[in-house]
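The values are calculated or read from the model by the stated rules, or taken from the named source; none is laboratory data. The shown structure was predicted, so the numbers you read here are calculated from the model rather than taken from an experiment. Cβ atoms come from the backbone with ideal geometry, glycine included; neighbour counts cover every protein chain shown. Note: accessible area is taken over every heavy atom of the protein model, side chains too, but ligands, DNA and RNA are not part of it. Shrake-Rupley method; radii C 1.70, N 1.55, O 1.52, S 1.80 Å.
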Amino acid sequence: MKFRLLIALLLSLTGMTAHAQFAEPNGGDLERGTLPQTWATGGPKCMEMPEWQVHEYNKDLYILRQSGCTDAEMPFLYLFFGRDRALLWDTGSRNGDLAPELEHVVHLWLERNHRESIPLIVTHSHSHDDHTWGDSAIQSIHDPAMPITFVPAKVADMQAFFHIANWPDGIGSVDLGDRRLDIVPLPGHDAVSIALYDRRTGILLTGDSLYPGRLYIPDFPAFQASTERLIAFMEGKPVAHVLGNHIEETRTPFLDFPIGSIYHPDEHSLELTFGALLELEDALKAMNGKRRRMAMRDFTIWPLSPEEKGLGKEMEEIEKKTNEKQTRDKWDQPRP
Ligand SMILES: [Zn+2]
Ligand SMILES: [Zn+2]
């Protein structure tokens with residue numbers, strides 16, 4: 001185990017060199033932003049929690065997080081603004097009333113930028129319902145200040161919209177106006193998964209394919225091939241942060257929160273580095289096609305058996321028990 005960690009570390013170090021990005025440590029030509037030390041989760045007191053936490057990464061990029069008091073998935077959503085258009089990544093999970101929050105944020109941006117309107121593209125990291133639950137509510141927004149182009153989470157629609165000639169080997173893109181976003185097909189966690197690279201900030205969105213948590217993999221060969229394709233595409237491109245859709249890890253290395261938790265005290269940071277992607281690739285390779293669960297420092301590789309539907313009985317029981325207890329305690333969670 002120690003040997004493997006050393007290899008992973010060396011790989012990530014050599015990876016950082018091979019993917020070296022700027023001659024001087026001066027921030028390069030990336031547009032800067034900030035991430036919070038900790039995010040709101042679901043508590044300790046649900047009476048005090050807003051349904052959405054809005055974080056300004058910088059004036060043209062906002063990160064929205066759904067409260068655990070509404071749903072244990074607590075997904076992260078991303079809202080990019082370019083000169084001509086904006087793009088929303090995902091629409092939230094169960095009971096996430098995104099539409100009014102989204103309108104609020106877009107209107108504030110318009111006010112700040114002395115603009116009357118901006119067209120909005122709505123797209124998805126993948127098709128699972130903890131990222132598409134808000135689709136119908138978003139589609140029924142009819143606000144002249146933010147006319148919506150809705151891209152369904154289906155391969156054909158994504159291919160057409162992002163001009164991806166071959167799925168999954170091609171690369172797509174969309175230009176928001178002085179802001180080109182690259183789209184990389186990433187099947188494995190879901191047949192429709194994609195990654196998004198923002199050249200302006202150097203942020204790489206990896207959805208549910210890489211985040212500080214349990215990486216559920218129903219299609220292992222596709223997932224491994226996708227990871228390798230993503231790394232190949234990122235060659236020579238600076239990565240400021242790798243940002244996913246969830247956090248399920250604690251700040252203690254190799255330790256996650258039980259599935260179904262709505263309150264995450266002492267939660268892992270959202271951001272990972274490009275080294276995590278190299279570490280993931282290395283661990284997948286080391287399995288030699290023999291898929292197995294493997295807890296890494298900041299995430300867990302979690303292959304799912306194709307025969308069993310969902311996460312399996314054991315996980316479902318933990319999820320139910322944890323969720324019932326924490327939902328009972330949601331007005332005042334016990335502190336660690
Ligand atoms: Zn998913
Ligand atoms: Zn998810």
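Out of residues 5 or more away from residue 256 or on other chains, whose amide H comes under 5 Å of its own, with H placed 1.01 Å from N in the peptide plane?
Counting only residues 5 or more places away or on other chains, the set is 250.
In the chain, which helices (entire DSSP H runs) extend 20 Å or more along their own long axis, judged by Cα positions, while averaging at least 0.0 on the Kyte-Doolittle scale?
2-18, 98-112, 220-234
Accessible area of the stretch 201-336 with a 1.4 Å probe: how many percent of it is carbon plus sulfur?
53
Find, among the chymotrypsin sites (Phe, Trp or Tyr not before Pro) in the stretch 261-336, those assigned to loop by DSSP (not H, G, I, E, B) with at most 11 other beta-carbon atoms within 10 angstrom.
Passing sites in the stretch 261-336 do not exist.
Quick one: which residues, 5+ away or cross-chain, put their amide H under 5 Å from the amide H of residue 134? H built at 1.01 Å from N.
91, 92
In what order, largest first, do 135, 256, 169, 97 sit by accessible area if the probe radius is 1.4 Å? Numbers along the way, then the final one.
Numbers: 135 25, 256 50, 169 110, 97 80 Å².
Per-residue accessible area, sorted high to low, gives 169, 97, 256, 135.
Provide the per-residue ³J(HN,Hα) series for the stretch 291-304, in order, calculated from phi with Karplus coefficients 6.51, -1.76, 1.60 and θ = phi - 60°, each as a whole number of Hz, with x at glycine and proline positions.
In residue order, the calculated couplings are 5, 7, 6, 8, 7, 9, 4, 10, 7, 10, 7, 9, x, 10 Hz.
For the stretch 49-199, report the translational diffusion coefficient in µm²/s to the nearest whole number, using Stokes-Einstein at 20 °C, 1.002 mPa s, and a Kirkwood Rh over Cα pairs.
Here the translational diffusion coefficient equals 137 µm²/s.
Once a ≥ b ≥ c are taken as the square roots of the eigenvalues of the Cα gyration tensor of the stretch 115-210, is the result rounded (a/c under 1.5), prolate (a/b larger than b/c) or oblate (a/b not larger than b/c)?
Note, shape of the stretch 115-210 comes out oblate.
Give me the mean projected area, in nm² to one decimal, of the convex hull enclosing the Cα positions of the stretch 53-98.
3.1
Can you give me the P(r) profile for the stretch 28-136? Cα pairs, bins 10 angstrom wide beginning at 0, each as a whole percent.
Taking every Cα pair in the stretch 28-136, the percentages come to 14, 45, 33, 8, 0.
So what does log10 I(q)/I(0) come out to for the stretch 163-222 at q = 0.16, 0.17, 0.19, 0.26 Å⁻¹, using the Debye formula with one equal point on every Cα and no solvent?
Cα-only, vacuum Debye calculation for the stretch 163-222: -0.54, -0.60, -0.73, -1.08.
For the stretch 249-333, what mean projected area does the convex hull of the alpha carbons give, in nm²? Each step should come with its number before you reach the end.
On the way: hull surface 27.0 nm².
Reported value for the Cα convex hull: 6.7 nm².
Starting from the amide H of residue 261, placed 1.01 Å from N in the peptide plane, find each other amide H under 5 Å away whose residue is 5 or more places distant or on another chain.
When sequence neighbours closer than 5 places are left aside, there are no close amide H contacts.
Using the Cα atoms of the chain, I'd like the radius of gyration and the largest Cα-Cα distance, Dmax, both in angstrom.
19.4, 59
Mean separation of Cα pairs under 8 Å and 6+ residues apart, divided by the residue count of the chain: what relative contact order is that in percent?
Working: 686 pairs, mean separation 59.8, N = 336.
In percent, rounded to a whole number, it is 18.
How large is the charge dipole for the chain, taken about the Cα centre, if only the Cβ atoms of Lys, Arg (+1) and Asp, Glu (-1) carry charge, to the nearest 20 debye?
760
Need one number: % antiparallel among DSSP beta bridges in the chain, to the nearest 5.
Antiparallel: roughly 70 percent of the beta bridges in the chain.
Which whole-number percentage describes the relative contact order of the stretch 48-199, with Cα contacts under 8 Å and a sequence gap of 6 or more?
18
For the pair residue 331 and residue 156, what calculated FRET efficiency results from E = 1/(1 + (r/R0)^6), where r is the Cβ-Cβ distance and R0 = 51 Å, to the nearest 0.05?
My answer for the efficiency is 0.65.
List, in order, the whole-Hz ³J(HN,Hα) value for each residue of the stretch 26-40 obtained from phi through the Karplus relation with A = 6.51, B = -1.76, C = 1.60 and θ = phi - 60°; use x for Gly and Pro.
10, x, x, 9, 7, 6, 8, x, 10, 10, x, 4, 9, 10, 5
Mind pulling the per residue volume of the convex hull built on the Cα atoms of the stretch 172-277? Å³ is fine. Please list the in-between numbers first.
Values: hull volume 12.5 nm³, N = 106.
About 118 Å³ per residue, rounded to a whole number.
To check you understand DSSP bridge types, tell me what percent of the beta bridges within the stretch 95-200 (both residues inside) are antiparallel, rounded to 5.
Expressed as a percentage, antiparallel bridges in the stretch 95-200 total about 75.
What number comes out for the charge environment of residue 132, summing +1 per Lys or Arg and -1 per Asp or Glu over other residues with Cβ under 11 Å away? Write out the running numbers ahead of the final one.
Values: positive: 94, 154; negative: 90, 129, 130, 135, 190.
So the environment of residue 132 carries a net charge of -3.
Show me the trypsin sites (Lys or Arg not before Pro) within the stretch 132-183 that DSSP assigns to loop and that have at most 10 other Cβ atoms within 10 Å of their Cβ.
Numbers: sites: 154, 179, 180; in loops: 154, 179.
Here no loop site has a sparse enough neighbourhood.
For the stretch 148-154, take each phi angle, set θ = phi - 60°, evaluate the Karplus expression 6.51 cos²θ - 1.76 cosθ + 1.60, and give the result in whole Hz per residue in order, putting x for glycine and proline.
Karplus-based 3J(HN,Hα) across the stretch 148-154 equals 9, 9, 9, 9, x, 7, 9 Hz.
Which of the lysines could a cross-linker span from residue 309 if the Cα-Cα distance has to be under 23 Å and same-chain partners fewer than 8 positions apart are dropped?
Reachable lysines: 154, 290, 320, 321.
Roughly what would the spin-label model give for residue 112 and residue 83, points 7 Å off Cα along C-beta, in nm?
2.0
Summing Lys, Arg as +1 and Asp, Glu as -1, what charge do residues with Cβ under 14 Å from the Cβ of residue 149 carry, residue 149 excluded? Could the numbers behind the result be given before it?
Working: positive: 85; negative: 84, 135, 143, 157, 175.
Every neighbour counted, the sum reads -4.
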